[in-house]
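**Q** Encoded as structure tokens, here's the structure I'll be asking about.
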Amino acid sequence: QVRLVESGGGLVQAGGSLRLSCAASGRIASVNVMVWYRQTPGKQRDLVASITNGGGTNYADSVKGRFTISRDNAKNTVYLQMNSLKSEDTAIYYCRIRALRGDYWGQGTQVTVSS
């Protein structure tokens, strides 16, 4: 059973940066897209950024110009570089890897931005 392990969350002041990582515990064949979501209490889980197998990216309007998603295909790892963080970026961040034969989620990592 493949698991996704997230790291890099924590507490940061507004204007600061964090880099999230999400690594698969095993090999995932035929990955289609890697995605970061975030969720705050009582709200739905929203897409933050995604990156396709070909490297195409998509971002939520609220993070464009501040966040960058990247991936290491050989390591089945996806990253989220978050700069110029704002208090409204505070949330639990989840990664997701969609593949031909599976759909995998991480356990979530807390990001807290203090103003």
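A short reminder: the numbers here are calculations on the coordinates, not readings from a lab. Remember, it's a predicted structure, so these values are computed and weren't measured experimentally. Note that each Cβ is placed from the backbone with ideal geometry, even for glycine, and that neighbours are counted across all protein chains shown.
**Q** Compute the label zone of residue 30 within segment 1-16: residues whose backbone N is under 19 Å from the point 7 Å along Cα-to-Cβ.
**A** Only 1-3 pass the distance filter.
**Q** Taking the Kirkwood radius as the inverse of the mean 1/r across Cα pairs, report the Rg/Rh of segment 59-115.
**A** On the way: Rg = 13.0 Å, Rh = 12.9 Å.
Dividing the radius of gyration by the Kirkwood radius yields 1.01.
**Q** How many times 2.2 N^0.38 Å is the alpha carbon radius of gyration of segment 1-94?
**A** Its radius of gyration relative to the 2.2 N^0.38 Å reference: 1.07.
**Q** With the dipole of segment 11-115 worked out from charges on the C-beta (+1 for Lys and Arg, -1 for Asp and Glu) around the Cα centre, which of 25, 106, 55 lies farthest toward the positive end?
**A** With unit charges placed on the Cβ atoms, the residue in question is 25.
**Q** For every other residue with a beta carbon closer than 12 angstrom to the beta carbon of residue 26, add +1 if it is Lys or Arg and -1 if Asp or Glu, then tell me the sum. The partial results should precede the final answer.
**A** On the way: positive: 3, 27, 75; negative: none.
Here the count lands on +3.
**Q** Within a Cβ distance under 13 Å of residue 112, other residues only, what is the Lys/Arg minus Asp/Glu net charge?
**A** Working: positive: 38, 86; negative: 88, 89.
Result for the local shell: 0.
**Q** Compute the length gained on full extension between residue 88 and residue 101: take 0.36 nm times their separation in residues and subtract their Cα-Cα distance, giving the result in nm to one decimal. Present the calculation step by step, with values, prior to reporting the outcome.
**A** Numbers: separation 13, 0.36 × 13 = 4.68 nm, distance 3.50 nm.
Answer, rounded to one decimal: 1.2 nm.
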